[in-house]
Protein chains: 2
Amino acid sequence: MKVDHFGFNTVKTFNQRYLVADKYWKKNGGSILFYTGNEGDIIWFCNNTGFMWDVAEELKAMLVFAEHRYYGESLPFGDNSFKDSRHLNFLTSEQALADFAELIKHLKRTIPGAENQPVIAIGGSYGGMLAAWFRMKYPHMVVGALAASAPIWQFEDLVPCGVFMKIVTTDFRKSGPHCSESIHRSWDAINRLSNTGSGLQWLTGALHLCSPLTSQDIQHLKDWISETWVNLAMVDYPYASNFLQPLPAWPIKVVCQYLKNPNVSDSLLLQNIFQALNVYYNYSGQVKCLNISETATSSLGTLGWSYQACTEVVMPFCTNGVDDMFEPHSWNLKELSDDCFQQWGVRPRPSWITTMYGGKNISSHTNIVFSNGELDPWSGGGVTKDITDTLVAVTISEGAHHLDLRTKNALDPMSVLLARSLEVRHMKNWIRDFYDSAGKQH
Amino acid sequence: MKVDHFGFNTVKTFNQRYLVADKYWKKNGGSILFYTGNEGDIIWFCNNTGFMWDVAEELKAMLVFAEHRYYGESLPFGDNSFKDSRHLNFLTSEQALADFAELIKHLKRTIPGAENQPVIAIGGSYGGMLAAWFRMKYPHMVVGALAASAPIWQFEDLVPCGVFMKIVTTDFRKSGPHCSESIHRSWDAINRLSNTGSGLQWLTGALHLCSPLTSQDIQHLKDWISETWVNLAMVDYPYASNFLQPLPAWPIKVVCQYLKNPNVSDSLLLQNIFQALNVYYNYSGQVKCLNISETATSSLGTLGWSYQACTEVVMPFCTNGVDDMFEPHSWNLKELSDDCFQQWGVRPRPSWITTMYGGKNISSHTNIVFSNGELDPWSGGGVTKDITDTLVAVTISEGAHHLDLRTKNALDPMSVLLARSLEVRHMKNWIRDFYDSAGKQH
């Protein structure tokens with residue numbers, strides 16, 4: 001793959017990884033489902049996108065999973081890919097979409113029978129944004145897109161910056177009595193305990209942390225705990241699963257069993273918080289201590305994502321401690337910009353994504369299904385109402401982050417079964433329209 | 001303007017020139033006509049796009065003319081802009097479209113009353129391609145596009161490579177008896193005359209050339225003459241004009257008055273060819289000698305265009321000497337690539353434009369009028385049949401290169417009057433639809 005699609009000064013190329021499964025593919029009347037890879041190892045996404053495998057036979061589909069550049073094994077400059085801003089210069093959504101376009105052309109050119117088949121883009125989360133954007137920018141390449149849990153409006157002021165943490169809070173409030181209230185009170189408890197050396201020592205022990213806390217770590221500790229609650233909201237699935245971490249069914253309910261009593265002493269509250277965290281970090285029971293520098297699977301490319309969040313993917317988040325269970329924190333672009341400059345030598349362009357992809361003004365596009373789970377905090381930045389007849393929203397009342405893309409499960413709630421059947425119906429329509437108009441041309 | 005929209009490693013900016021005329025602009029119910037500048041000085045395009053000025057009052061329109069980067073005064077690196085492939089790296093259509101998007105956002109942000117107005121992209125030739133591509137890629141920025149004489153299909157094998165020169169030939173054949181036949185015979189006459197030193201000397205004198213011909217110059221001489229016929233076909237307007245050169249009305253008819261006798265001696269034929277060339281190069285009568293290194297106005301940025309033709313804008317042309325009046329010349333990508341590498345240190349990517357902009361598969365887009373003149377050789381690569389209800393073709397039987405964009409003239413043929421009125425009707429519809437749907441949202 002070309003390192004730079006948008007300039008001609010470099011002729012460098014790199015190996016881009018993609019996976020193909022053609023067990024159910026039919027050359028006659030078939031289709032190609034193309035997963036627009038996001039910020040992680042493509043094998044991991046492939047293994048967590050069972051929906052595509054489940055519908056392959058019905059759609060006579062070839063499955064393709066394309067790895068996003070700078071993630072997994074698709075590193076434009078090998079070990080030097082993250083070295084500096086010069087090497088990172090080609091990590092953008094535009095380059096990734098161009099990769100997908102070139103890859104589809106390559107597959108159509110090299111796989112006999114693929115040339116005259118309809119391609120559908122499918123992705124979840126950032127991959128869902130890419131699927132939607134790919135249909136918007138390259139409608140000649142894909143007949144439609146399924147954008148699952150794609151927060152394409154989590155930019156600038158398109159949605160209120162507090163909506164994300166508000167949904168996280170709602171998930172906890174609904175999952176057990178006094179649960180969000182307990183978390184809400186935990187921040188001050190941490191603040192009080194961390195005021196003294198003995199308090200810090202006690203906290204280190206109570207939370208079973210791998211390294212002793214210092215007073216400089218406290219903000220980071222609270223951020224780590226917050227991110228844990230966020231991640232739990234994302235993976236609050238109705239059955240035991242292992243996406244970001246191995247977890248029981250409805251993990252927030254399990255967590256909330258430890259958080260029923262907000263009105264206890266600081267130390268008891270924090271001991272309960274530990275039990276809650278332990279559900280997320282130690283469901284297997286094998287973990288000896290908790291490491292506050294990790295929150296999720298290493299299959300996610302946190303380094304690359306940190307760069308993207310510092311350049312194009314600038315998502316404003318905020319909390320006020322009233323509508324949500326977190327400490328108040330306003331959105332601070334200046335601070336982000338300075339941090340980004342220090343870490344990567346680049347500054348964010350917060351309005352670029354809207355300039356490029358249209359923000360809320362996307363009604364002239366067609367054939368995109370936006371699916372969102374109501375439990376998923378990312379649904380706050382997603383498209384949850386139909387825009388036109390062919391830009392449709394599918395809402396999953398009992399769904400967390402792209403539950404619909406996961407393989408079918410006996411414990412799937414009705415809402416996700418309905419969502420998947422709607423999605424399949426749209427995909428079949430796109431495929432039928434493709435073959436209808438191809439037929440007319442002959 | 002940012003030098004690089006698609007990477008974050010450089011923070012360089014440059015001054016991009018644009019022109020604004022708001023004499024007829026109305027804040028209430030008005031519109032913005034946005035000229036997507038192409039390969040030349042924007043003042044020159046502005047002065048040759050009278051159509052926009054003519055319709056401004058009717059559409060209550062603000063006129064904006066945006067200069068294309070690397071042309072006119074919009075040089076990203078000043079005098080160093082063409083220094084090498086590193087400085088030229090940001091000369092692409094994608095960067096130019098992003099410039100237009102940023103400029104529109106800037107205008108809407110800074111001109112009171114502009115924010116909630118519909119913008120229409122208008123351009124001719126390469127600027128017409130940009131107008132169409134802008135609507136395709138940024139439909140949230142413009143409600144529609146008028147793409148005049150835009151050869152968006154003059155790429156890869158989307159149209160036969162010989163169609164362009166075939167149209168040039170038809171123009172000459174129809175403009176006078178034996179005219180194309182005379183030109184057809186002239187090449188061998190030149191070849192025979194240039195075989196000897198005295199023949200070269202004679203040719204230099206007969207053609208009134210500024211520098212003495214050597215045998216190495218002969219191919220270049222023939223290319224220069226061919227390009228002259230091509231340019232005449234482009235500007236075969238029904239009234240005296242000065243676009244590429246000052247010229248009489250229907251200049252090919254004037255040229256063909258000198259080319260009625262193909263069956264004469266080589267020397268007489270070439271003397272007649274000189275008379276014909278002299279119409280194009282010396283209509284003013286002030287020119288002392290002909291310079292075979294120039295064919296058109298210096299307002300065109302030939303340097304930048306040569307780079308673009310070596311990178312993205314790879315247009316296959318060919319002749320066979322049977323369907324056209326030229327010496328046979330097949331399309332040779334390898335040769336082009338080597339020449340480009342020698343001149344600029346870059347190699348063309350002939351399939352990129354199709355990957356990026358969809359080739360013939362553009363039916364999912366909306367609100368683009370493609371206008372073409374039947375006399376214009378570029379119409380061979382243009383959209384000359386309706387694709388859908390909202391991707392429409394307007395054909396001007398008596399039109400050369402974007403005649404419709406020129407100011408109205410008493411000698412305008414009926415076909416261009418009709419074309420302009422159709423174009424205005426479409427623009428009014430787009431504007432009306434914009435205000436209708438804006439009204440519904442309130």
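The values are calculated or read from the model by the stated rules, or taken from the named source; none is laboratory data. Values in this document were obtained by computation on a predicted structure and should not be read as measured data. Because the Cβ atoms are built from the backbone with ideal geometry, glycine has one as well, and the counts that use them run over all protein chains shown.
What the table shows:
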quantity	calculated
Selection count, segment B:257-292, where residues are in contact with a strand residue (DSSP E or B) (Cβ under 9 Å, 6 or more places away or on another chain) and more than 13 Å from residue B:206 (Cβ to Cβ)	8
Single match in A:141, A:136 (criterion: touching a Pro at 6+ places or on another chain (Cβ under 9 Å) and hydrophobic (A, V, I, L, M, F, W, C))	A:136
Whichever residue in segment A:200-214 is of a type outside the set (A, V, I, L, M, F, W, C) and in a helix (DSSP H, G or I) and, among such residues, is nearest to the chain's Cα centre (by Cα)	A:204
When residues of segment B:138-150 are limited to those that are under 15 Å from residue B:404 (Cβ atoms) and assigned to a loop (DSSP other than H, G, I, E, B), the one farthest from the other protein chains (Cβ to nearest Cβ)	B:149
Selected residue (only one of A:102, A:181, A:156 is assigned to a helix (DSSP H, G or I) and either modelled with pLDDT under 95 or farther than 29 Å from residue A:17 by Cβ (or both))	A:181
Test: residue in segment B:163-178 that is surrounded by fewer than 19 Cβ atoms within 10 Å (Cβ to Cβ), over 30 Å from residue B:393 (Cα atoms) and touching a residue at least 60 places away in the same chain (Cβ under 8 Å)	yes
Residue match in segment A:289-307 (condition: acidic (Asp, Glu) and either under 22 Å from residue A:92 (Cα atoms) or at pLDDT 95 or above (or both))	no
Among residues of segment A:414-428, those that are in contact (Cβ under 8 Å) with a residue 60 or more places away in the chain and either surrounded by fewer than 16 Cβ atoms within 10 Å (Cβ to Cβ) or under 21 Å from the mean Cα position of the chain (by Cα) (or both), counted	3
Among residues of segment A:108-125, those that are within 13 Å of chain B (Cβ to nearest Cβ), more than 27 Å from residue A:379 (Cα to Cα) and of a type outside the set (S, T, N, Q), counted	4
Segment B:79-98, residues that are in a helix (DSSP H, G or I), away from every other protein chain (no Cβ under 11 Å) and under 25 Å from residue B:47 (Cβ atoms)	B:96
Enumeration of residues in segment B:346-362 that are farther than 22 Å from residue B:392 by Cα, touching a residue at least 60 places away in the same chain (Cβ under 8 Å) and either basic (Lys, Arg) or out of contact with any Lys or Arg (no Cβ under 9 Å at 6 or more places or on another chain) (or both)	B:346, B:350
Residue in segment A:359-366 that is assigned to a helix (DSSP H, G or I) and either modelled with pLDDT of 95 or more or more than 30 Å from residue A:182 (Cα to Cα) (or both) present	no
Residue among B:240, B:233 that is surrounded by fewer than 16 Cβ atoms within 10 Å (Cβ to Cβ) and either in contact with a helix residue (DSSP H, G or I) (Cβ under 7 Å, 6 or more places away or on another chain) or hydrophobic (A, V, I, L, M, F, W, C) (or both)	B:240
Index of the failed condition, residue A:387 passing every other in (1) more than 23 Å from the chain's Cα centre (by Cα); (2) more than 30 Å from residue A:239 (Cα to Cα)	(1)
Flag for residue B:185 being of a type in the set (Lys, Arg), touching a Pro at 6+ places or on another chain (Cβ under 9 Å) and not assigned by the TED database to the domain that holds residue B:119	yes
Filtered residue count, segment B:35-62, keeping only those that are polar (S, T, N, Q), surrounded by fewer than 23 Cβ atoms within 10 Å (Cβ to Cβ) and in a loop (DSSP other than H, G, I, E, B)	1
Test: residue A:301 is crowded, with 18+ Cβ neighbours inside 10 Å, closer than 30 Å to residue A:204 by Cα and away from chain B (no Cβ under 12 Å)	yes
Residues that are among the hydrophobic types (A, V, I, L, M, F, W, C), at pLDDT 95 or above and closer than 30 Å to residue B:309 by Cα, drawn from segment A:2-35	A:3, A:6, A:8, A:14
Unmet criterion (only one of (1) within 12 Å of another protein chain (Cβ to nearest Cβ); (2) assigned to a helix (DSSP H, G or I)) for residue B:128	(1)
Filter pass, residue B:135 being charged (D, E, K, R), buried (at least 24 other Cβ atoms within 10 Å of the Cβ) and either free of Cβ contacts under 8 Å to residues at least 60 places away in the same chain or in a helix (DSSP H, G or I) (or both)	yes
Segment B:367-396 - residue that is assigned to a strand (DSSP E or B) and touching a residue at least 60 places away in the same chain (Cβ under 8 Å) and, of those, farthest from residue B:142 (Cα to Cα)	B:373
Matching residues in segment A:113-130 - criterion: being among the hydrophobic types (A, V, I, L, M, F, W, C), more than 11 Å from residue A:402 (Cβ to Cβ) and crowded, with 24+ Cβ neighbours inside 10 Å	A:119, A:120, A:121, A:129, A:130
Residue that is surrounded by fewer than 20 Cβ atoms within 10 Å (Cβ to Cβ), small (Gly, Ala, Ser) and more than 14 Å from every other protein chain (Cβ to nearest Cβ), where the choices are A:397, A:363, A:351, A:371	A:397
Count - residues of segment B:329-348 that are within 9 Å of chain A (Cβ to nearest Cβ) and not in a helix (DSSP H, G or I)	4
Any hit, segment B:381-391, residues being of a type in the set (Val, Ile, Thr), within 14 Å of chain A (Cβ to nearest Cβ) and closer than 30 Å to residue A:10 by Cβ	no
